[in-house]
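To keep things clear, I will list the structure first and then write my remarks on it.
Readers should treat all values here as calculations from the given coordinates under stated rules, not as data from a laboratory. Everything numeric here is computed off the predicted structure, so don't read it as measured data. Virtual Cβ from ideal backbone geometry, glycine too; neighbours counted across all protein chains shown.
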């Protein structure tokens, strides 16, 4: 690669970084503390060895745990999965819904975002992540150099929980079978779990979000990254930088 091309790519990456800083409301850049002269001189007295970074990964054998790839053995398309859901009344969430929110995006996406469930605006439009949190997610996707049509976006449950509460275990347990079928149909390279409900469903764990962040997990052949739900960023702006750190790592996998 020529020096000119390398510089061009570096400038584009910096531009994308600063655009995301603006989107997330981060107007400062953390700089390393300048070392004192005596501290610097001590460094050169020691033998320097290149650091070795090993990111811990956990592997979830979803096929064995859930048996979801055994029956049916046929791999369904997204349209077939949507038809299977039909006018669903499998759990109590159907009682208060306006629309089923199936999911949308590229059926062959390399990147899938999984949330917990639809909110009021999503319930009205029958589309995932279109409310305030969804608008923030759209901006984050744009800052990654992608469009919503490049990725796939869905939720664990397809009907809005009353008052935007988190899905109850029986509700998630009933509906997540369709999420797993969606993930199998899409077969992405990377899955981003937005929030603890999505992470616990996809990874079959009761671990808290804080224990699941900061490392890759596996779902079949896909790498799974756990991060904060965009709604959490609206309540706590301090989560913006950690979320963007997660997205930068995801971008390197695409």
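Could you tell me what fraction of 2.2 N^0.38 Å the Cα radius of gyration of the stretch 166-254 comes to, as a two-decimal ratio?
Numbers: Rg = 13.1 Å, N = 89, 2.2 N^0.38 = 12.1 Å.
The reported ratio for this selection is 1.08.
The residues 98, 174, when put in order of fewest to most other Cβ atoms within 10 Å, stand as 98, 174.
From the square roots a ≥ b ≥ c of the eigenvalues of the alpha-carbon gyration tensor of the stretch 57-252, which class results: rounded (a/c under 1.5), prolate (a/b over b/c), or oblate? Rounded, because the longest to shortest axis ratio a/c is under 1.5.
The residues 77, 227, when put in order of fewest to most other Cβ atoms within 10 Å, stand as 77, 227. Taking every C-alpha pair closer than 8 Å and separated by at least 6 residues, the mean separation divided by the residue count of the stretch 93-199 gives a relative contact order of 41 percent. Relative contact order of the stretch 57-252: 26 percent, from C-alpha pairs under 8 Å at least 6 residues apart in sequence.
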